[in-house]
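For reference, the structure is listed below as structure tokens.
The values are calculated or read from the model by the stated rules, or taken from the named source; none is laboratory data. As the structure is a computational prediction, the values presented were derived from the model and not from experiment. As a convention, Cβ positions derive from the backbone with ideal geometry for all residues, glycine included, and neighbour counts pool all protein chains shown.
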Amino acid sequence: MIPEWNVDRAATVLAEAEAARADRGPITAEWPGLDLETAYRVQDEIICRKVEAGQTIVGVKLGLTSRAKQQRMGVDSPLTAWLTDRMVLPAGAPLVTGELIHPRVEPEIVFVLGERLAGPGVTAARAMQAVSHVYAGLEVIDSRFTDFRFTLPDVVADNASSAGFVLGGVARRPDELDLELEACLLEVDGEVVDSATGAAVQGHPAEALALAVNTLARRRVALEPGWIVLTGGMTDAVFARPGGQVTAHFTNLGSVSLRCV
């Protein structure tokens, strides 16, 4: 007999796909009843298992923060997902692509919180008051679904295709920056392939942060001091190919690179 779909089974299927580095079709194709609320329960179950296995939550990430990506997915706000210490890539360390399925890389503006931030009702201005430092970052995404083809509940359940991230070496205070205009050039093997400014992230990265904390408040979750917040891809993601290098150059946040092996 084929077991019925539920939160536990969906979490197990996605965890096994990640461990085996094997992609699969969307869960919604087999479980049409997987809605957004249930998908977040699957996401939480996956992270609970990671924590039970010894990982530590170090922050959150946002996905679908660009207007164009939201329109493609038919949503009007970003999604949230979890970061653990196992996802942190040491600066200068190579990205071992063979440990993943089909990794891609995207540049991000990254916040580190200096104080606890809890919703609801948090404005962008209030959210920025809780930020101690801003960094450049590169996020590695690696969907457990074939060809990155999924519905919104699928990608939420899959913890927003989380895989890893690396931070640049320049830390700036928020009041030193105009994040809406902070520009980024994305290079692959030394060739510029894309560019964007902070305005690509929900109009301003602070708006993305506020949306994240207010959304998490519905799940009775607050952002804690020291947590890292990946505010969302500024450009489309590029493939991480063995032997290649992805670099993001920012106006005031320096540069950050990943060498792929």
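Numbers below:
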quantity	calculated
Scan of segment 122-138 for residues that are out of contact with any strand residue (DSSP E or B) (no Cβ under 7 Å at 6 or more places or on another chain) and either acidic (Asp, Glu) or in a helix (DSSP H, G or I) (or both), ordered by number	124, 125, 126, 128, 129
Residues within segment 126-185 that are under 21 Å from residue 228 (Cβ atoms), charged (D, E, K, R) and touching a residue at least 40 places away in the same chain (Cβ under 8 Å), tallied	8
First in segment 247-261 and on the phi > 0 side of the Ramachandran plot, second anywhere and small (Gly, Ala, Ser) and surrounded by 15 or more Cβ atoms within 10 Å (Cβ to Cβ), Cβ under 7 Å, 6 or more apart	254/136; 254/168
Any hit, segment 51-59, residues being of a type in the set (D, E, K, R), modelled with pLDDT under 95 and either closer than 27 Å to residue 113 by Cβ or in contact with a Leu (Cβ under 6 Å, 6 or more places away or on another chain) (or both)	no
Near pairs, Cβ below 9 angstrom, 6+ apart or cross-chain, from segment 4-32 (closer than 14 Å to residue 149 by Cα) to any residue that is of a type in the set (Asp, Glu) and surrounded by 15 or more Cβ atoms within 10 Å (Cβ to Cβ)	26/154; 27/154; 27/158; 28/154; 29/154
Residues located in segment 30-49, provided they are part of a helix (DSSP H, G or I) and touching an Asp or Glu at 6+ places or on another chain (Cβ under 9 Å)	39, 42, 43, 45, 46
Qualifying residues in segment 1-29 (those that are of a type in the set (A, V, I, L, M, F, W, C) and assigned to a loop (DSSP other than H, G, I, E, B)) - the one surrounded by the most Cβ atoms within 10 Å (Cβ to Cβ)	5
Residue in segment 102-116 that is among the small types (Gly, Ala, Ser) and modelled with pLDDT under 95 present	no
Residues located in segment 232-261, provided they are within 21 Å of residue 98 (Cβ to Cβ), modelled with pLDDT of 95 or more and in a loop (DSSP other than H, G, I, E, B)	240, 241, 242, 243, 244, 261
Search result, residues across segment 141-160 that are modelled with pLDDT of 95 or more and more than 17 Å from residue 82 (Cβ to Cβ)	145, 146
Among (1) at pLDDT 95 or above; (2) more than 19 Å from residue 161 (Cβ to Cβ) - the single one residue 21 does not satisfy	(2)
Selection status of residue 92, part of a loop (DSSP other than H, G, I, E, B), within 30 Å of residue 21 (Cα to Cα) and over 18 Å from the mean Cα position of the chain (by Cα)	yes
Failed item in (1) surrounded by 12 or more Cβ atoms within 10 Å (Cβ to Cβ); (2) farther than 17 Å from residue 36 by Cα; (3) modelled with pLDDT under 95, with residue 90 passing the rest	(1)
Failed criterion for residue 176 (all others in (1) under 30 Å from residue 36 (Cα atoms); (2) exposed (fewer than 15 other Cβ atoms within 10 Å of the Cβ); (3) of a type outside the set (Lys, Arg) hold)	(1)
Checklist (1) surrounded by fewer than 17 Cβ atoms within 10 Å (Cβ to Cβ); (2) more than 16 Å from residue 95 (Cβ to Cβ) applied to residue 223, failing item	(1)
Qualifying positions in segment 50-65 - in a loop (DSSP other than H, G, I, E, B) and in contact (Cβ under 8 Å) with a residue 60 or more places away in the chain	64, 65
